[in-house]
Amino acid sequence: MKTLLRLSLLLASALAFVYVDAAAPASYYSRLDGKKREALKTAAYETVRPHTVVTYNSLFPQQFPKTDVYPELYGGQRRWWEMYSDMVFLVKDGWQGMNREHSFPKSWWGGQQNEAYTDLNHLYPSESAANLAKNNYPLGEVQTPRFDNGVSVVGYAYAGQGGGASQVFEPADEYKGDFARTYFYMVTCYQDYTWKYTYMAQNGDYPTLKPWAIDLLLDWARRDPVSQKEIDRNEAVYMIQGNRNPFIDFPELAEYVWGTRTNETFYVKDQGGSVTPPITGDPELFAPIDGSSLDFGEVAVGRSQTVELLVNGVNLTSALTVRVTGQDRRMFTLQGVTGNQIPASQINSDTGYKLSVKYTPTSVGEHTAAITLYDGGFPEGSNFNVSIHGKAFPVPELSAPVALPPSDISDTGYMARWEAPADGEVVDYYMVNRTRYLPDGAVTTRIAAEETQLEIDGRQTDVAESYTVQSVRLGYESPESNLVMVATGTVAGVEVDEPLTVYAIEGGMRVVLHGRRTNLRVHDVSGLEVMHLPVVEGGGEYSLPRGIYIVSVDGGGRPCSVAVR
């Protein structure tokens, strides 16, 4: 995640992960049979959309060690497999200097708390400088580089690419197919999303990709075929989420959906690979996979974390019984399950059943248990076991960040910035509180940020705005940082931590203060005091007759004048 953040993790349980063959059950892709073009894409969407949604702060501690580590040791140590640089990052060092990278930028759909936000099929560990340079740019081929670390290149695209973005991100040749198949998955699994930015995606179930993006991604997928890395990662993600990337399982699927075979009908039996055994009428469980794990990430003592485990299959003839067992079972509870049984009809449905499992730690440390599922029409003695893990920490003590003056200010946006906390203070992410002082009143929006800066768009030069920043750890937020004012006009109008700012509004004035101040006084031009407030927190709006006024506050620096009309 952040370059300057530190994480002290015990990775023993993650490092002990043993790969289990998780090839798709016989009927997993049965919806795809006999379909073509848009109907085929929608069938793939219906197949892969239901999945277990992992927690954000479990990605590096629990999930990435299973999905993104080189199989070969490096100097006797395990090494993160990241596709954005040629730097060496050892697993034993945690994720210092690395980010949780949304390869398909999260800003494109404008969401945070949803399925796509933590979908491992497009989340990868990334070296932080490359991730910062990549920003939310679309994929493309760079003609004029502005950033080049030998693996990732960011810069101006060739004509016809970019979809209107100022720059594009070009991965190394050996990973171009990986990113192409990742994007194929995202615009299929989330084809029902409304896209906020449409550089590569367009709204609608089909084709969901813009023509130039289709051409680029198909070309990359053809030039860089499916690798063993992708195959292994697909299996690992399936063990965690219970869904797969069909464009890895069936390398020709993209051609049937967007490419040279759109007029042909897709049949699973005609595809290569070992994911296509004959379909039978026996009960099958697509998810969860026997031997898989459910990780809750990091939780503060006294708080709870709930994760929904997908239970999905076909041909079950009776209810599936589910129980929690193991050493710390009392810290894990099943929610909404009547008599510890899940009806077969819900498991057999297209969307499956989301089993809510709640982790409520009562002590600091690592906690483990297991979920066992049985019955359902499976042969007697058949069990499906899922190990469950959580790690509890004390309630964090967070200091207020220090907000810095914005950079890259233009008529339409700027870069909000702040300092990372001191060494030793762990932060999951930051929350930026952006306030715009509109004629109808102040409007505050909160935006999550991974790094110590955030690109703000939608700025208007005639509207003043400000921002503060908070650190977030285990759901707890730090005190707010100092206030940074971004005044109307140009760069010269930017002020940092201004203790008193006053704006005229219709029929009065708006006062913006940093923190709590005393003795707000308003005088007219004759020197008569027309308003006195002993204590003011953050400011407010006040009605005044027409005229010119002088506003002052204790500890507020120079008084401000305002003309009310």
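The values are calculated or read from the model by the stated rules, or taken from the named source; none is laboratory data. It should be emphasised that the depicted structure is a prediction, and the values quoted were computed from it without experimental measurement. Neighbour counts run over all protein chains shown; Cβ positions are idealised from the backbone, glycine included. When the accessible area is computed, the model is the full protein with side chains, heavy atoms only, and any ligands, DNA or RNA have been set aside. Shrake-Rupley method; radii C 1.70, N 1.55, O 1.52, S 1.80 Å.
Side notes on the structure shown:
- Candidate set from region 368-408 (those that are of a type in the set (Val, Ile, Thr) and in contact with a Lys or Arg (Cβ under 8 Å, 6 or more places away or on another chain)); member that is least open to solvent (accessible area, probe 1.4 Å): 371
- Considering (1) within 21 Å of the chain's Cα centre (by Cα); (2) within 18 Å of residue 44 (Cβ to Cβ); (3) open to solvent by 50 Å² or more (accessible area, probe 1.4 Å), the lone condition that residue 194 does not fulfil carries the number (2).
- Flag set for residue 394, criterion: out of contact with any strand residue (DSSP E or B) (no Cβ under 6 Å at 6 or more places or on another chain) and of a type outside the set (Phe, Trp, Tyr).
- Residues that are open to solvent by less than 20 Å² (accessible area, probe 1.4 Å) and touching a Gly at 6+ places or on another chain (Cβ under 9 Å) do not occur anywhere in region 429-449.
- A single member of 101, 141 is touching a helix residue (DSSP H, G or I) at 6+ places or on another chain (Cβ under 8 Å), of a type outside the set (A, V, I, L, M, F, W, C) and closer than 22 Å to residue 51 by Cβ, and it is 101.
- Residues in region 135-180 that are over 20 Å from residue 451 (Cβ atoms), surrounded by fewer than 21 Cβ atoms within 10 Å (Cβ to Cβ), in contact (Cβ under 8 Å) with a residue 40 or more places away in the chain and among the aliphatic types (A, V, I, L, M): 172 only.
- Applying the criterion of being in a loop (DSSP other than H, G, I, E, B) and among the β-branched types (Val, Ile, Thr) to the residues of region 282-316, the residue that is most open to solvent (accessible area, probe 1.4 Å) is 301.
- Residue 215 of a type in the set (Asp, Glu), open to solvent by 40 Å² or more (accessible area, probe 1.4 Å), under 23 Å from residue 256 (Cα atoms) and free of Cβ contacts under 8 Å to residues at least 60 places away in the same chain: yes
- If you filter region 197-209 down to residues that are within 23 Å of the chain's Cα centre (by Cα) and under 16 Å from residue 257 (Cα atoms), you find that the one that is most open to solvent (accessible area, probe 1.4 Å) is 205.
- Residue count for region 412-440, restricted to those that are of a type in the set (Gly, Ala, Ser) and not in a strand (DSSP E or B): 3
- The residues of region 321-354 that are assigned to a strand (DSSP E or B), closer than 21 Å to residue 293 by Cβ and open to solvent by 50 Å² or more (accessible area, probe 1.4 Å), listed by number, are 323, 325, 333, 335, 354.
- Answer residue from region 539-554, given it is within 24 Å of residue 444 (Cβ to Cβ) and surrounded by fewer than 16 Cβ atoms within 10 Å (Cβ to Cβ) and is nearest to the chain's Cα centre (by Cα) among those: 540
- Qualifying residue in region 229-236 (condition: crowded, with 17+ Cβ neighbours inside 10 Å, at negative phi and touching a strand residue (DSSP E or B) at 6+ places or on another chain (Cβ under 8 Å)): no
- Subset of region 92-110 (residues that are among the charged types (D, E, K, R) and assigned to a strand (DSSP E or B)): 100, 101
- Filtered residues of region 355-388 (kept if out of contact with any strand residue (DSSP E or B) (no Cβ under 8 Å at 6 or more places or on another chain) and either acidic (Asp, Glu) or part of a strand (DSSP E or B) (or both)): 380
- Taking the criterion of being over 9 Å from the mean Cα position of the chain (by Cα) and open to solvent by less than 40 Å² (accessible area, probe 1.4 Å), the residues of region 108-126 that qualify are 108, 109, 120, 121, 122, 124, 125, 126.
- Within the set 532, 514, 523, the sole residue that is part of a strand (DSSP E or B), open to solvent by 30 Å² or more (accessible area, probe 1.4 Å) and within 26 Å of residue 434 (Cβ to Cβ) turns out to be 514.
- Subset of region 303-344 (residues that are under 32 Å from the mean Cα position of the chain (by Cα) and within 16 Å of residue 378 (Cβ to Cβ)): 311, 312, 313, 314, 322, 323, 342
- All of 58, 107 fail the test of being touching a residue at least 60 places away in the same chain (Cβ under 8 Å), closer than 28 Å to residue 293 by Cα and of a type outside the set (A, V, I, L, M, F, W, C), apart from 58.
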